[in-house]
Number of protein chains: 2
Amino acid sequence: MKCKRCRNAAAAVDLPSHHSAFCPDCFFVFFRRQVEEGIRKFSLFDSRDRVLVCVSGGKDSLVLWDILMELGYETEGLYIDLGIDGYSDRSREKVLAFAGAREKEPIVVDLRREGVPIPEAARKSRKEECSVCGTVKRYFFNRVAASRGFPVVATGHNLDDETARLLGNLLHWHREHLERQHPLLPESGEGLVRKVKPLWRVSELETAAYGFLKGIDYVTEECPMSEDATSLVYKEALSLIEEKMPGTRSKFYQGFLRGNGKPHEGGRGKGTGRNEAEGREEPVHCSVCGAPTYAETCAFCRLKEMVGKGAAR
Amino acid sequence: MKCKRCRNAAAAVDLPSHHSAFCPDCFFVFFRRQVEEGIRKFSLFDSRDRVLVCVSGGKDSLVLWDILMELGYETEGLYIDLGIDGYSDRSREKVLAFAGAREKEPIVVDLRREGVPIPEAARKSRKEECSVCGTVKRYFFNRVAASRGFPVVATGHNLDDETARLLGNLLHWHREHLERQHPLLPESGEGLVRKVKPLWRVSELETAAYGFLKGIDYVTEECPMSEDATSLVYKEALSLIEEKMPGTRSKFYQGFLRGNGKPHEGGRGKGTGRNEAEGREEPVHCSVCGAPTYAETCAFCRLKEMVGKGAAR
């Protein structure tokens with residue numbers, strides 16, 4: 001099959017959801033345009049913004065960093081070492097190699113040094129690993145961005161991630177979470193920086209194809225803590241529908257965004273952590289670390305305290 | 001494994017979504033209660049109402065008729081022969097045998113005699129078979145019920161059917177269809193009788209188990225016209241999720257019903273047929289057959305006219 005764009009080279013990537021197939025060069029053009037359109041559509045950031053890109057060592061976040069550099073944005077990478085034996089070491093290696101080849105040095109936060117490696121933090125706080133990981137990551141995204149003057153934090157969530165989350169929220173009618181699901185979450189208070197998902201228009205398959213064709217070396221294993229994650233079940237169900245009815249995912253998400261209107265403007269972020277709920281409208285400073293919080297003590301410091309107590313037992 | 005209710009007989013039906021397993025007798029009790037609760041919850045009908053049960057010859061509608069008789073309701077069956085070679089003949093046989101064994105005689109509408117057998121009607125009107133079938137069935141449900149004094153028409157849609165439809169409507173954000181999706185659609189004008197789905201709480205697996213254990217003989221083949229029906233894709237996707245997370249379907253539908261509040265009250269039925277849209281609030285009489293319609297001529301008569309023209313070409 002010939003590339004449907006240049007009608008010259010052989011097609012390498014088949015995209016039924018776009019009724020198309022591209023050779024590598026034309027696929028790069030397509031992918032770049034999708035990401036540009038994703039940024040433009042909701043004004044995620046512009047060329048004057050320094051962007052902090054959260055990289056895990058997986059394909060989506062490294063592809064995100066790569067394409068943002070290619071599009072000419074000023075970026076730095078933030079790697080949070082989760083302290084998961086083996087997996088975290090292999091992930092960190094991939095991030096360092098990727099960055100090194102581009103003459104970059106990522107900012108590294110080591111959760112072992114911070115006293116909250118995820119496996120231990122989950123065990124001692126008796127919380128679910130993915131939930132603890134979310135709390136800790138959000139904390140450092142904000143802290144690093146605020147302390148180093150980044151107005152915006154970008155993550156590698158793609159269309160498959162966002163639609164799986166949307167399906168899960170709809171199946172359980174979590175209306176309050178739906179309100180918070182958007183490619184752009186504006187700054188919601190001092191030290192709670194803007195969060196964006198520039199890859200929201202591209203599918204997992206498209207991201208994987210981009211990574212492969214660009215020769216990006218990433219960690220292919222899933223996080224060992226998230227093996228049973230329900231989001232994988234929703235992804236599988238949507239893949240089944242997408243296969244029979246190509247384009248469903250994209251229509252599903254775009255239809256949602258149309259109905260959901262503009263992103264959640266300012267004010268209090270709902271559903272970002274049940275424990276942060278004390279009814280305040282504006283964040284205050286955490287009594288322990290000074291980070292912005294809606295409670296007396298921030299979720300991270302409460303977690304650290306639980307981990308400390310667990311250790312003392 | 002022992003039955004979890006009587007703790008005596010061997011369990012025959014495993015129901016992970018209810019964290020339970022029942023012997024045949026206890027399963028009948030369970031099933032009966034689910035249907036009773038489904039009727040009671042939205043006051044679908046009461047013991048004074050004569051119920052017109054639409055039976056296709058498939059398991060769901062025959063199980064519905066069976067359980068309503070068993071619960072002591074006054075029922076009659078309505079069989080619409082779609083005029084599909086082979087399939088319709090086998091379906092009719094099953095319906096007649098089922099009814100005969102219970103000393104009943106179903107009301108039969110033969111679409112060949114009415115001039116609109118589905119395959120021909122679809123071909124000549126250049127419409128999709130399932131859409132034509134829906135128009136014709138709705139027409140006769142109303143006509144037979146109204147002319148014979150039934151206040152309510154019951155169909156055999158189960159939880160799997162309703163959640164598949166709900167998922168499809170959500171994936172495409174058909175908000176106007178969501179408004180019409182409820183186990184109870186009240187009478188919406190003279191001759192447009194109340195429609196109910198008493199099996200909305202029971203799954204396809206539960207209905208099949210009830211039919212099997214009761215020895216109900218039904219047509220097992222799918223309608224040959226609906227082989228590619230998208231609803232089957234949605235069902236498959238939901239089955240995949242249900243298998244990993246039992247109870248999801250039920251929570252999904254009940255969560256929807258809670259949010260969707262009370263059933264669509266009176267007035268104009270939205271989404272019942274695009275062609276009926278002429279902005280009227282109350283139905284008028286079809287200029288051809290006198291049936292209630294929101295247009296000048298009802299959808300059925302317009303279909304018949306198209307079929308007639310097709311034949312004349």
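The values are calculated or read from the model by the stated rules, or taken from the named source; none is laboratory data. These figures come from a predicted structure and were not determined experimentally. Positions of Cβ are generated from backbone atoms using ideal geometry, with glycine treated the same way; all protein chains shown enter the neighbour counts. Please note that ligands, DNA and RNA were not included when accessible areas were found on the heavy atoms of the full protein model with its side chains. Shrake-Rupley method; radii C 1.70, N 1.55, O 1.52, S 1.80 Å.
Comparison of B:Leu213, B:Leu240 shows that the only residue that is away from chain A (no Cβ under 14 Å), closer than 30 Å to B:Phe22 by Cβ and open to solvent by 10 Å² or more (accessible area, probe 1.4 Å) is B:Leu213. Name the residue that is nearest to B:Leu170 (Cα to Cα), counting only residues in region A:227-237 that are within 11 Å of chain B (Cβ to nearest Cβ) and in contact with a Gly (Cβ under 7 Å, 6 or more places away or on another chain). Taking the candidates together, the pick is A:Tyr234.
Within region A:114-128, does at least one residue satisfy the condition of being more than 21 Å from A:Asp49 (Cα to Cα), of a type in the set (A, V, I, L, M, F, W, C) and in contact with a Pro (Cβ under 8 Å, 6 or more places away or on another chain)? No, because not a single residue in region A:114-128 is more than 21 Å from A:Asp49 (Cα to Cα), of a type in the set (A, V, I, L, M, F, W, C) and in contact with a Pro (Cβ under 8 Å, 6 or more places away or on another chain).
Against the conditions (1) part of a loop (DSSP other than H, G, I, E, B); (2) open to solvent by less than 40 Å² (accessible area, probe 1.4 Å), B:Gly72 satisfies every one except (2). Of the residues making up region A:144-161, just one is among the polar types (S, T, N, Q) and in contact with an Asp or Glu (Cβ under 6 Å, 6 or more places away or on another chain), namely A:Asn158.
Screening B:His172 on (1) farther than 30 Å from A:Gly247 by Cα; (2) more than 17 Å from the chain's Cα centre (by Cα) shows it passes everything except condition (1). Has region B:135-144 got any residue that is out of contact with any helix residue (DSSP H, G or I) (no Cβ under 9 Å at 6 or more places or on another chain) and open to solvent by 50 Å² or more (accessible area, probe 1.4 Å)? Yes; the residues of region B:135-144 include at least one that is out of contact with any helix residue (DSSP H, G or I) (no Cβ under 9 Å at 6 or more places or on another chain) and open to solvent by 50 Å² or more (accessible area, probe 1.4 Å). Being closer than 19 Å to B:Gly156 by Cα, open to solvent by 70 Å² or more (accessible area, probe 1.4 Å) and touching a residue at least 12 places away in the same chain (Cβ under 8 Å) holds for only one residue in B:Arg102, B:Arg123, and it is B:Arg102.
Checked against (1) farther than 26 Å from A:Ile241 by Cα; (2) open to solvent by 50 Å² or more (accessible area, probe 1.4 Å); (3) not in a loop (DSSP other than H, G, I, E, B), A:Ser43 passes all but condition (3). For region A:135-150, the set of residues classified as out of contact with any strand residue (DSSP E or B) (no Cβ under 9 Å at 6 or more places or on another chain) and either among the basic types (Lys, Arg) or touching a residue at least 40 places away in the same chain (Cβ under 8 Å) (or both) consists of A:Thr135, A:Tyr139, listed by residue number. When A:Glu190 is tested against the conditions (1) open to solvent by less than 20 Å² (accessible area, probe 1.4 Å); (2) farther than 24 Å from A:Phe31 by Cβ, the lone failure is (1). In region B:84-191, counting only helices (runs of 4 or more DSSP H) that sit wholly within it, the ones holding 1 or more residues that are within 14 Å of chain A (Cβ to nearest Cβ) and closer than 24 Å to B:Ala299 by Cβ span B:159-171, B:175-179. The lone criterion from (1) open to solvent by less than 20 Å² (accessible area, probe 1.4 Å); (2) out of contact with any strand residue (DSSP E or B) (no Cβ under 9 Å at 6 or more places or on another chain); (3) farther than 24 Å from A:Lys41 by Cβ left unmet by A:Asn158 is number (3).
Is it the case that some residue within region A:46-56 is assigned to a helix (DSSP H, G or I) and open to solvent by less than 60 Å² (accessible area, probe 1.4 Å)? The answer is no; no qualifying residue exists.
The single condition among (1) on the phi < 0 side of the Ramachandran plot; (2) touching a residue at least 60 places away in the same chain (Cβ under 8 Å); (3) open to solvent by 20 Å² or more (accessible area, probe 1.4 Å) that B:Ser131 does not meet is (2). For region A:243-254, filtered to residues that are facing chain B (nearest Cβ under 7 Å) and open to solvent by less than 50 Å² (accessible area, probe 1.4 Å), the residue that is nearest to A:Glu128 (Cα to Cα) is A:Phe252.
Any chance region B:79-97 includes a residue that's open to solvent by 50 Å² or more (accessible area, probe 1.4 Å), within 23 Å of B:Glu206 (Cα to Cα), modelled with pLDDT of 95 or more and of a type in the set (D, E, K, R)? Checked against the condition, which is being open to solvent by 50 Å² or more (accessible area, probe 1.4 Å), within 23 Å of B:Glu206 (Cα to Cα), modelled with pLDDT of 95 or more and of a type in the set (D, E, K, R), region B:79-97 yields at least one hit.
Note on region B:69-97: among residues that are hydrophobic (A, V, I, L, M, F, W, C) and touching a Lys or Arg at 6+ places or on another chain (Cβ under 8 Å), the one that is farthest from B:Ile39 (Cα to Cα) is B:Ile80.
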